[in-house]
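Written out below as structure tokens is the structure these notes cover.
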Amino acid sequence: AAALEQGEFQVYLQPKVNCFTGRIVGAEALTRWVDPEKGLVMPAEFIPVLEHSGFITKLDLYVFGQVCATLRGWLDAGLEPVPISINFSRASLWQPHVMEQYDRLRRKYAVPGKYLEIELTETFLADGEGAFVALVDEIHALGMRCAIDDFGSGYSSFSVLTNTRFSALKIDRSLFQDECNFRERVLVRHIVQMAHELGIATVAEGVETRDYVEYLKRLGCE
């Protein structure tokens, strides 16, 4: 809590780049902890601890507020913002009136919902598909976008796509580890095709080679 109050958690924006135009069309908010003694601490070290303690819900809300402040700054400067996505932890699902807290922050900074995208992982399904679907519906009702994160990471349930509507489907980076892997490429191709037929945009995470960028372009991945 002290680290949060002292501003030790910092928000960085990772750009989302359109495969075809090379333009930045969005961003994802990433959190880093700048500890006065240890220096930069990566999420893999502190996120599990915060999840175990339940403090992750406060960090989620803090990051959302920081993103709203950033968007407000861009709007005040006369700039056209790109949508920014924010990760929403599974623990937040059970916080009472959680989306009211998020919407209160959004209204505080007067940020249009179209510039905000909440990312949910498929692990939410372990708590029941009904609660998951209800949360997605509430996010949309507040005018914000909603994306499904880490699709293909091991808990994929295609049935959730029949009952919920997402603005984007983010293909997990585990499917981009070996550009020569035939099975990986087949899976990615069909995921992109399925998403497009359902009217969902696709985002590929963790792509590190030009060959894979060209491959994704051929598939039509945005």
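Quick check on residue 58: is it open to solvent by 60 Å² or more (accessible area, probe 1.4 Å), in a helix (DSSP H, G or I), among the basic types (Lys, Arg) and closer than 20 Å to residue 169 by Cα? Outline the logic, then answer.
Values: open to solvent by 60 Å² or more (accessible area, probe 1.4 Å): yes; in a helix (DSSP H, G or I): yes; among the basic types (Lys, Arg): yes; closer than 20 Å to residue 169 by Cα: no.
Spelling it out, it is not the case that residue 58 is open to solvent by 60 Å² or more (accessible area, probe 1.4 Å), in a helix (DSSP H, G or I), among the basic types (Lys, Arg) and closer than 20 Å to residue 169 by Cα.
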Of the numbered conditions (1) touching a helix residue (DSSP H, G or I) at 6+ places or on another chain (Cβ under 7 Å); (2) over 21 Å from residue 194 (Cα atoms), residue 74 fails exactly one; give the number of that condition.
(1)
Can you find a residue that is among the acidic types (Asp, Glu), free of Cβ contacts under 8 Å to residues at least 24 places away in the same chain, open to solvent by 10 Å² or more (accessible area, probe 1.4 Å) and assigned to a helix (DSSP H, G or I) anywhere in the stretch 33-43?
no
Suppose we keep only residues that are within 19 Å of the chain's Cα centre (by Cα) and closer than 15 Å to residue 62 by Cβ within the stretch 99-115. Which one would you say is most open to solvent (accessible area, probe 1.4 Å)?
101
Go through 63, 25, 82, 11 for me and flag whichever is touching a residue at least 24 places away in the same chain (Cβ under 8 Å), in contact with a Leu (Cβ under 8 Å, 6 or more places away or on another chain) and not aromatic (Phe, Trp, Tyr).
11
Find the residue count for the stretch 124-146, including only residues that are over 18 Å from residue 202 (Cα atoms), open to solvent by 60 Å² or more (accessible area, probe 1.4 Å) and either within 16 Å of the chain's Cα centre (by Cα) or of a type in the set (A, V, I, L, M) (or both).
1
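Of the residues 165, 173, only one is under 14 Å from the mean Cα position of the chain (by Cα), at pLDDT 80 or above, open to solvent by 30 Å² or more (accessible area, probe 1.4 Å) and of a type outside the set (S, T, N, Q); which? Before the answer, list the steps.
On the way: 165 fails: under 14 Å from the mean Cα position of the chain (by Cα).
One residue alone meets the criteria, 173.
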Select from the stretch 176-193 the residues that are assigned to a helix (DSSP H, G or I) and without any contact (Cβ under 8 Å) to a residue 12 or more places away in the chain and write down the one among them that is surrounded by the most Cβ atoms within 10 Å (Cβ to Cβ).
184
Looking at the stretch 1-29, which of the residues that are open to solvent by 80 Å² or more (accessible area, probe 1.4 Å) and either touching a Ser or Thr at 6+ places or on another chain (Cβ under 7 Å) or of a type in the set (D, E, K, R) (or both) is farthest from residue 85 (Cα to Cα)?
5
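The values are calculated or read from the model by the stated rules, or taken from the named source; none is laboratory data. All values reported here derive from a predicted model rather than from experimental measurement. All Cβ positions, glycine included, derive from the backbone under ideal geometry; neighbour counts span all protein chains shown. With ligands, DNA and RNA removed, areas are computed over all heavy atoms of the protein, side chains included. Shrake-Rupley method; radii C 1.70, N 1.55, O 1.52, S 1.80 Å.
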